[in-house]
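What follows is a set of notes on a single structure, which appears directly below.
The values are calculated or read from the model by the stated rules, or taken from the named source; none is laboratory data. Not measured: the values here are computed from a predicted model. Positions of Cβ are backbone-derived with ideal geometry, glycine not excepted, and every protein chain shown enters the neighbour counts.
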Amino acid sequence: MGLTKQKKAVLDAVMSPADHPTADEIYAIAKVTIPNIGLGTVYRNLNTLCSEGIIRKIEMPGGPDRFDKDISPHDHMVCSECGRVIDFQVDMGDLKDRIEERGFKVLSHNVQVVCICDRCLAKE
């Protein structure tokens, strides 16, 4: 994997403490390192890093995509109030068996649960 300074800045931004950042958040972080980096460069490098399997894109219906530094198999809960994205694991168990009983083969899954997070519930 060849890393240009722009690609490294984008990767470092995804790997930063910001959890599941948007492209705009990544752009703001990368601009600290490379002040003249363009938003198009950030998007191109995000797409490349995703296609190389180094990071993961989380598609967010009705909002900007997020990017995940954790590429291990896992799922996400999305707070409908604050937009926070939280990692969690789904046990496919019986569901996988039921799908395969119908003649399909499960290759992977991506579960996204829309919820109200614990922080937002505590504010109520």
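Are any residues in region 4-16 assigned to a loop (DSSP other than H, G, I, E, B) and farther than 10 Å from Lys69 by Cα, and if so, which ones?
The initial filter retains those residues of region 4-16 that are assigned to a loop (DSSP other than H, G, I, E, B), namely 4, 16.
Of everything in region 4-16, just one residue is assigned to a loop (DSSP other than H, G, I, E, B) and farther than 10 Å from Lys69 by Cα, namely Thr4.
Collect the residues in region 97-113 that are surrounded by 13 or more Cβ atoms within 10 Å (Cβ to Cβ) and at pLDDT below 90, keeping them in residue-number order.
Across region 97-113, the qualifying residue is only Val111.
Quick one: is Ala9 in contact with a Pro (Cβ under 9 Å, 6 or more places away or on another chain) and either farther than 30 Å from Leu121 by Cα or buried (at least 17 other Cβ atoms within 10 Å of the Cβ) (or both)?
Details: in contact with a Pro (Cβ under 9 Å, 6 or more places away or on another chain): no; either farther than 30 Å from Leu121 by Cα or buried (at least 17 other Cβ atoms within 10 Å of the Cβ) (or both): yes.
No, not satisfied.
Could you list, in sequence order, the residues of region 31-59 that are part of a helix (DSSP H, G or I), of a type in the set (Gly, Ala, Ser) and under 17 Å from the mean Cα position of the chain (by Cα)? Steps first, please.
Our first condition is that a residue be part of a helix (DSSP H, G or I); within region 31-59, this holds for 31-33, 39-51.
Add one more test, that the residue is of a type in the set (Gly, Ala, Ser), and what stays is 40, 51.
Within region 31-59, just Ser51 meets the criteria.
When the residues of region 70-86 are narrowed to those that are in a loop (DSSP other than H, G, I, E, B) and in contact with a Lys or Arg (Cβ under 8 Å, 6 or more places away or on another chain), which ends up surrounded by the most Cβ atoms within 10 Å (Cβ to Cβ)? Write out each step before concluding.
The initial filter retains those residues of region 70-86 that are in a loop (DSSP other than H, G, I, E, B), namely 70-74, 80-84.
Those still in the list that are in contact with a Lys or Arg (Cβ under 8 Å, 6 or more places away or on another chain) too: 70-71, 82, 84.
Working: Asp70: 11, Ile71: 11, Cys82: 11, Arg84: 16.
Top of the filtered list is Arg84.
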